[in-house]
Amino acid sequence: MEPKSPRFVIAGQLRREYIILPSGEARLDVPGGNALYAAVGLAIWEPDPPPGIVARVGEDYPQEWLTQFTRRGLDTRGVRVLPQAVDVRTFAAYLSRIARATDDPVAHFARAGLPFPKAMLGYRDTSSVIDSRTRLLPISLRQGDIPPDYLDASAAHLCPLDYLTHSLLPAVLRQAEFTTVTLDPSPGYMNPTYWTDVPALVTGLTAFLPSEEEMRALFQGRSDDLWEMAEALAAYGCEIIVIKRGEGGQLLYDASARACWEIPAYPVRLVDPSGAGDAFCGGFLAGYRRTYDPLQAVLFGNISASLVVEGMGPFYALDSLPGLSEARLEALKQGVRRV
């Protein structure tokens, strides 16, 4: 049977994750990556047809994982397997519920009293490397990576990717008549070096979804006021700015209504914070396309994140009790505050 064309497209990365959880427990070589968590965050609300993932991996990426993703209700036809090995390892150590380190894995495994995994030998943390304006990476997405029937969709989310990918794909999607495009920027270009480049990326987006850390890094030396930052970016032609603040919830700036909202994080028992921001973005896209209300979209994203962090791995959220997401959505509305 021919697979259904997706209504939603998620472009991003698939990774092999090595994580030390806040509990001190380690999860080694497990599937992750922003595209996977964003697709799950969306599928909580819109499982059918399956959201389409666009990503690049090497021939050393476990094929059984891709099979598992399909079995769990994701469309992986847009995952291009390159004919060479590609290092997609990611390391994170959660020092507390909110503090996260990505450098020096040897020290963090020692601190946790855990043996250092041989599969991590040679690992290099690239999270603080500034993006290139001219050089594509092996996992940078190209126009040809998008399956033709994915372009029949009308809504897409671009997960954190390199600057060149983010400067190319929105135009490709607009040419294909996508009416909703949301983007979560990468720390690799959310810094003063790219101050004059970011406006062009923001122009024409439906929503721009940075973290508080990324906004403060970009506006370093220019502003300390998050609302001022949001208004400045919206002025370049973006309807909605959402600033993700982890356990602090979200700030929403709705440019068309000139409205500012504070949304608290839904209170949960946190087990694994991995992918919370990406799951938020997937839920946001689902909520926006269901309601076309920016505030409702933030609530949807907030609940997606709450379901993901309560268990280990991206798929825990898809096994939640029927009706739980809707019940949490109703409860969360009581905490919303207009500023």
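Quick note: the coordinates plus some simple rules give every number you see, no bench work behind them. Everything numeric in this text was worked out from a predicted model, so none of it was measured. Heads up, the Cβs are rebuilt from the backbone with ideal geometry, glycines too, and the neighbour counts pull from every protein chain shown.
Kindly check whether there is at least one residue in region 156-167 that is over 20 Å from Thr76 (Cα atoms) and either surrounded by fewer than 19 Cβ atoms within 10 Å (Cβ to Cβ) or polar (S, T, N, Q) (or both). Give the steps one after another, and end with the answer.
So in region 156-167, the residues over 20 Å from Thr76 (Cα atoms) come out as 162-164, 166-167.
Next, from what is left, pick out any that are either surrounded by fewer than 19 Cβ atoms within 10 Å (Cβ to Cβ) or polar (S, T, N, Q) (or both): 167.
Within region 156-167, one or more residues are over 20 Å from Thr76 (Cα atoms) and either surrounded by fewer than 19 Cβ atoms within 10 Å (Cβ to Cβ) or polar (S, T, N, Q) (or both).
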(request) For residues that are buried (at least 16 other Cβ atoms within 10 Å of the Cβ) and among the aliphatic types (A, V, I, L, M), scanning just region 218-240, find the one that is farthest from the chain's Cα centre (by Cα). (result) Ala232
(request) Identify the residue in region 199-212 that is of a type in the set (S, T, N, Q) and crowded, with 18+ Cβ neighbours inside 10 Å and, among all such residues, is farthest from Cys159 (Cα to Cα). (result) Thr206
(message) Looking at Tyr94, Tyr61, can you tell me which residue is surrounded by fewer than 24 Cβ atoms within 10 Å (Cβ to Cβ), touching a Pro at 6+ places or on another chain (Cβ under 6 Å) and of a type in the set (Ser, Thr, Tyr)?
(response) Tyr94
(message) On the basis of being in a strand (DSSP E or B), without any contact (Cβ under 8 Å) to a residue 40 or more places away in the chain and touching a helix residue (DSSP H, G or I) at 6+ places or on another chain (Cβ under 8 Å), does Val172 make the cut?
(response) no
(message) With the requirement that a residue be more than 29 Å from Gly335 (Cα to Cα) and outside any helix (DSSP H, G or I), what does region 193-212 give you?
(response) Trp195, Thr196, Asp197, Thr203, Gly204
(request) Could you please let me know if Leu141 is part of a helix (DSSP H, G or I) and closer than 30 Å to Arg290 by Cα? (result) no
(message) Between Met215, Met190, which is crowded, with 22+ Cβ neighbours inside 10 Å, part of a helix (DSSP H, G or I) and either hydroxyl-bearing (Ser, Thr, Tyr) or at negative phi (or both)?
(response) Met215
